[in-house]
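Novice: Quick one: structure below, then a few questions.
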Amino acid sequence: MKKITILGSTGSIGASTLDVIARHPDRFEVFALSAHSRVEELAQQCKKFQPRYAVLPANNDLPAQLKTRLRELGAKTEVLVGATALETIAAHTDTDYVMAAIVGAAGLAPSLAAARAGKRVLLANKEALVMAGQLFMDAVKEGGATLLPIDSEHNAIFQSLPRNYADGLLKVGVKKITLTASGGPFRKHALSELKNITPDEACAHPNWVMGRKISVDSATMMNKGLEVIEARWLFDAKPEQIEVVIHPQSIIHSMVEYLDGSVIAQLGNPDMRTPIAYGLGFPERIDAGVAMLDLARAGKLEFEALDDARFPCVRLAYEAMRRGGTAAAQLNAANEIAVEAFLHHQLAFVDIASLLEEVMTTISVTEGTSLDEILVADAYARTATKTKLIERRTLSRL
Ligand code: NAD
Ligand code: MG
């Protein structure tokens, strides 16, 4: 029986993880859950899965609400609070697997704690690798953790690589990694129409149901940019070994090209329960509850080159990756602020990329060898982005 901690259990990935776990009561047991605001959902999850711990933020009355609801529902779960409690449940000696599914920079510290404690880390929180790739991969090595990528593209690449890929991509005959991208909801919109995109339109992804932040990232394709950086760290790939191709159907989840011209890809219906079940069952295959792929019904699989003018965020991510140090962490932080501003109608959709570009050209980058240094750089980028936002809003009112 494997005991599982889910960081971010009330989110899209968290709920899909619980769905897969519920299909295998003989294999998995929920050890701990965490949420940020949705108390009722967390309470219902505790009632159903009876975890030992549930974690909420400390600075509000949500923990008290949760305790009351747990009592009413007859769940014996103990409520822990605050950021350190997330690290406690991630590194606890009694947990075996940790699903890292908190969105954004907030997921870094507990994911790192799980890696350092030598857990099987199912990593959905791509921002952790974007911010602190070297640190994270070192923690995995030193802690003796098993890192399994859950992001569908990286999971596909992992499945398409030989098991000894850590010896070096070229050594094992890999020439290139190609990440597929759906192109999001605005792939075909006239550029002039993008000005008035609303948050709800940006969050209506054609193929995937996801949280709002990653949905906006998919619409700007910053998500693909972050994934390029994620791939760089996971597979020790050079920037020139990673490519992006648009594939609107999201059936080929990514591919690996070998020196002999062979291309190995992983296919499936776009449902995150497939990579989640892969991570939970590895090296075995287990039922994910996902409908089988019907290629005849899918009809055609299309591909096209990435349009840089439409999706400048991918270039910004490549630039940050090449620059190294804290650049990627700062791009990620600036992006979190920009997306939040867009979701609150304070920034136009088309201005997300230009704001990020402005921040990245003015910001100074440091080496980023420690977590503290990375977090300082992250905070600095957030402040710089907020300042630029205020400048822009003031200018637009003049
Ligand atoms: P979501 O918004 O649906 O859920 C996020 C979860 O994180 C929630 O449980 C929320 O309570 C928690 N959370 C949010 N802010 C927090 C904070 N400050 N501190 C602690 N907890 C906090 O997001 P999601 O779509 O499930 O995505 C989760 C992660 O997985 C993201 O990093 C995303 O990029 C990645 N991912 C998601 C998908 C997908 O299909 N949804 C696919 C690939 C990768
Ligand atoms: Mg992805």
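Novice: Filter region 5-32 for residues that are under 13 Å from Leu123 (Cα atoms), within 16 Å of ligand 2 (Cβ to nearest atom), outside any loop (DSSP other than H, G, I, E, B) and touching a helix residue (DSSP H, G or I) at 6+ places or on another chain (Cβ under 6 Å) and give the result.
Specialist: Of everything in region 5-32, just one residue is under 13 Å from Leu123 (Cα atoms), within 16 Å of ligand 2 (Cβ to nearest atom), outside any loop (DSSP other than H, G, I, E, B) and touching a helix residue (DSSP H, G or I) at 6+ places or on another chain (Cβ under 6 Å), namely Thr17.
Novice: Within region 366-385, track down each residue that is within 23 Å of the chain's Cα centre (by Cα) and surrounded by 15 or more Cβ atoms within 10 Å (Cβ to Cβ).
Specialist: Gly368, Leu371, Glu373, Ile374, Leu375, Val376, Ala377, Asp378, Tyr380, Ala381, Arg382, Thr385
Novice: With respect to Asp271, is the statement that it is closer than 18 Å to Ser152 by Cβ and either among the β-branched types (Val, Ile, Thr) or touching a helix residue (DSSP H, G or I) at 6+ places or on another chain (Cβ under 6 Å) (or both) true?
Specialist: no
Novice: Confirm whether Met99 is away from ligand 2 (no atom under 16 Å from the Cβ) and of a type outside the set (Val, Ile, Thr). Write out each step before concluding.
Specialist: Values: away from ligand 2 (no atom under 16 Å from the Cβ): no; of a type outside the set (Val, Ile, Thr): yes.
Spelling it out, it is not the case that Met99 is away from ligand 2 (no atom under 16 Å from the Cβ) and of a type outside the set (Val, Ile, Thr).
Novice: If you don't mind, there's one more thing I want to ask. Within region 222-244, track down each residue that is closer than 21 Å to His189 by Cα and more than 11 Å from ligand 2 (Cβ to nearest atom).
Specialist: The answer is Met222, Gly225, Val244.
Novice: Considering only region 212-248, how many residues are crowded, with 18+ Cβ neighbours inside 10 Å and part of a loop (DSSP other than H, G, I, E, B)?
Specialist: 5
Novice: If you don't mind, another one. Examine region 76-83 for a residue that is more than 16 Å from ligand 2 (Cβ to nearest atom), surrounded by 24 or more Cβ atoms within 10 Å (Cβ to Cβ), hydrophobic (A, V, I, L, M, F, W, C) and not in a loop (DSSP other than H, G, I, E, B), and state whether such a residue exists.
Specialist: no
Novice: Six or more apart or on different chains, Cβ under 6 Å: which pairs go from a residue in region 8-24 that's assigned by TED's automatic domain parsing to the domain that holds Lys48 to one that's at pLDDT below 95 and within 9 Å of ligand 1 (Cβ to nearest atom)? Could you list them?
Specialist: Gly11/Gly211; Ser12/Met210; Ser12/Gly211
Novice: Taking Ser192 and the conditions (1) surrounded by 14 or more Cβ atoms within 10 Å (Cβ to Cβ); (2) at pLDDT below 95, which numbered condition does it fall short on, given that it satisfies the others?
Specialist: (1)
Novice: Same structure, new question: So, of the residues in region 125-161 that are hydrophobic (A, V, I, L, M, F, W, C) and in contact with a Pro (Cβ under 6 Å, 6 or more places away or on another chain), which turns out to be farthest from ligand 2 (Cβ to nearest atom)?
Specialist: Initial filter on region 125-161 (hydrophobic (A, V, I, L, M, F, W, C)): 128-132, 135-137, 139-140, 145, 147-148, 150, 156-158, 161.
Checking the rest, the ones that are also in contact with a Pro (Cβ under 6 Å, 6 or more places away or on another chain) come to 150, 158.
On the way: Ile150: 9, Phe158: 13 Å.
The selected residue is Phe158.
The values are calculated or read from the model by the stated rules, or taken from the named source; none is laboratory data. A quick note: this is a predicted structure, and the numbers were derived from the prediction, not measured. For neighbour counting, all protein chains shown are included, and Cβ atoms are generated from backbone atoms with ideal geometry for every residue, glycine included.
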